[in-house]
Amino acid sequence: MNKFIIIFFAIVASKPSFANESQKCVDSIVKLMKNDAFNSNNGEHHKDELKAYSCKKTSDSAYTIASYLQLSEKDKKYDLYHWRVLLIKDEQRIESSYSGFIEEETEIAVGDDPILLDTHDYYLDDNVKAFGVILNVGYAAPCSTGGRNQYFNLFVQNQNNMNRVLIDYPMQDWFILKGNACYEDQRVIKQIVNSSVEVQETKTNGFYDLLVKRREIIENERDEVLDEQLKVIHRNKLLKFDGHFYR
């Protein structure tokens with residue numbers, strides 16, 4: 001096994017959707033993904049239609065991170081999507097990959113722009129570099145009083161496979177503090193808590209600890225002062241690697 005390990009943060013219409021213009025995929029990589037989709041998914045469907053995909057080069061431009069979603073099963077109530085994350089060398093060869101599934105449910109829905117790649121260099125050790133994949137698949141019903149989105153997942157490359165070591169960590173939470181969101185003309189006060197990840201100097205079981213930092217935004221549509229006691233308290237959280245997962 002190579003000493004240099006690559007890690008991925010993965011925070012998930014018939015026409016493929018893109019997070020933004022900078023994350024579109026070149027034709028050669030689209031072809032690779034379609035071929036991968038045709039031959040994977042447990043070999044059951046042999047189809048290459050993709051729901052959504054996104055690509056971004058690593059900082060050294062030698063590799064491309066690509067991720068796609070493909071409809072696997074269309075259920076009566078919820079759809080099931082095959083999710084792939086690929087590390088592609090020189091836009092020609094898949095070097096390692098992850099395969100999983102995303103099932104829609106009451107708080108999970110695959111809509112437009114479900115994948116966002118983050119290739120900022122996160123060094124979790126001297127020879128360990130991390131990249132990010134964010135799944136924007138959070139869903140809240142119109143009358144909901146809160147919700148979450150921007151799910152991080154953390155993957156470690158192990159030869160031609162990637163093992164998930166951080167599972168579905170939400171990086172955005174929101175809450176209705178006052179008012180009723182069920183009515184279009186009803187003004188509300190909303191608290192939004194966005195999170196970011198910073199690599200720390202302390203280590204646990206060989207990997208640097210990760211600090212999840214919270215930043216609060218209040219959207220006040222009501223002409224009144226917010227009672228601070230209504231706020232939901234969110235504190236920074238330190239995640240440590242236990243040898244298998246970040247917790």
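No lab work stands behind these numbers, since they all come straight from the coordinates. On a predicted model such as this, the values are computed, not experimentally measured, just so you know. Cβ sites come from the backbone with ideal geometry, for glycine too, and all protein chains shown count toward neighbours.
Some points to look at:
- Per-residue HN-Hα couplings for segment 122-134 [Karplus 6.51, -1.76, 1.60; θ = phi - 60°; Hz; x = Gly/Pro]: 9, 8, 8, 6, 4, 10, 10, 10, 10, 10, x, 10, 9
- Cβ-based net charge around T58, under 13 Å, with every Lys or Arg adding one and every Asp or Glu removing one: -2
- Under 5 Å from the amide H of V156 lie the amide H atoms of F8, N163, R164, V165, each residue being 5 or more positions distant or on a separate chain, with H modelled from the backbone and absent for Pro and chain starts.
- (1) 19.4; (2) 21.4; (3) 22.6, with the label sought being that of the calculated Kirkwood radius over Cα pairs in Å: (1)
- Taking θ as phi - 60° and the Karplus parameters 6.51, -1.76 and 1.60, the scalar couplings of segment 63-74 work out to 10, 10, 8, 10, 9, 9, 10, 10, 4, 9, 9, 9 Hz in sequence order, x denoting glycine and proline.
- Here the 3J(HN,Hα) profile of segment 94-102, calculated from phi with Karplus coefficients 6.51, -1.76 and 1.60 at θ = phi - 60°, is 7, 8, 7, 7, 10, 10, x, 9, 10 Hz, Gly and Pro shown as x.
- Summary of packing: across the peptides 79-85, 132-138, the per-residue average of other C-beta atoms within 10 Å ranks them, highest first, as 132-138, 79-85.
- Estimated inter-spin distance, C182 and K203, nm [label 7 Å along Cα→Cβ]: 5.6
- Amide hydrogen neighbours beyond the local backbone of K24, cut-off 5 Å, H modeled: C55
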